[in-house]
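Report on one structure; see the data block that follows.
The values are calculated or read from the model by the stated rules, or taken from the named source; none is laboratory data. Worth saying up front: this structure is predicted, and the values here are computed from it rather than measured. Methodologically, a virtual Cβ is constructed for each residue, glycine included, from the backbone with ideal geometry; neighbour enumeration extends over all protein chains shown. We work out accessible area using only protein heavy atoms, side chains counted, and drop any ligands, DNA or RNA first. Shrake-Rupley method; radii C 1.70, N 1.55, O 1.52, S 1.80 Å.
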Amino acid sequence: RNLTLRILPVLAMLTASAVPPVRAQSDVTLRASVPFEFVVGKTTLPAGQYVVKEIQPRALLIQSLDGRGRAIVLTDAAQAGKTQQQQSKLIFNHYGSEYFLWQIWTTGADIGRELPPTRGEREAARMAGHRETAAVFAQ
């Protein structure tokens, strides 16, 4: 019995330390006016006013304010060479007339979010032969 009383607190501490901390949903929401049609994952979204919101640690919701476009996409962390001091922004890879959402940066952060290239983007890059980028500033 004495052994059980001594082991229980140790087991409780080990169990508590093995459970990852719960992360609260981000309150960061960006608003941007995107002047061109663009692709997020496998979804093509029309030009318009958009809200970008983190809904899970790696998942972002990109939704138009008029309700005409919506996409949810998994992202990876993107490390900046320096802190993003200027303004929040969305960065698009641009091949010919096609735009693909690539990165999302928040003012003051040195870690952003990056979307992995899809098969469609890789095909557009192959056809274009080179990549250009376009930035849309956000609030």
Open item on the list: Please count how many residues of the stretch 27-61 are outside any strand (DSSP E or B), open to solvent by 30 Å² or more (accessible area, probe 1.4 Å) and of a type outside the set (Phe, Trp, Tyr).
Closed with: 11
TODO: Determine whether the stretch 96-106 contains at least one residue that is of a type in the set (A, V, I, L, M), closer than 11 Å to Val40 by Cα and open to solvent by 50 Å² or more (accessible area, probe 1.4 Å).
DONE: no
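Rundown of residues vs (1) farther than 15 Å from Leu115 by Cβ; (2) at pLDDT below 95; (3) polar (S, T, N, Q), yes/no style:
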{"position": "Val28", "(1), (2), (3)": "yes, yes, no"}
{"position": "Pro35", "(1), (2), (3)": "yes, no, no"}
{"position": "Val40", "(1), (2), (3)": "no, no, no"}
{"position": "Val51", "(1), (2), (3)": "yes, no, no"}
{"position": "Gly67", "(1), (2), (3)": "yes, yes, no"}
{"position": "Asp76", "(1), (2), (3)": "no, no, no"}
{"position": "Ala80", "(1), (2), (3)": "yes, yes, no"}
{"position": "Gln86", "(1), (2), (3)": "yes, yes, yes"}
Open item on the list: Looking at the stretch 101-134 only, could you name the residues that are within 15 Å of Val52 (Cα to Cα) and not acidic (Asp, Glu)?
Closed with: Leu101, Trp102, Gln103, Ile104, Trp105, Thr106, Thr107, Gly112, Arg113, Leu115
TODO: Give the residue that is surrounded by the most Cβ atoms within 10 Å (Cβ to Cβ), with candidates limited to residues of the stretch 111-126 that are out of contact with any strand residue (DSSP E or B) (no Cβ under 7 Å at 6 or more places or on another chain) and over 18 Å from Arg70 (Cα atoms).
DONE: Pro117
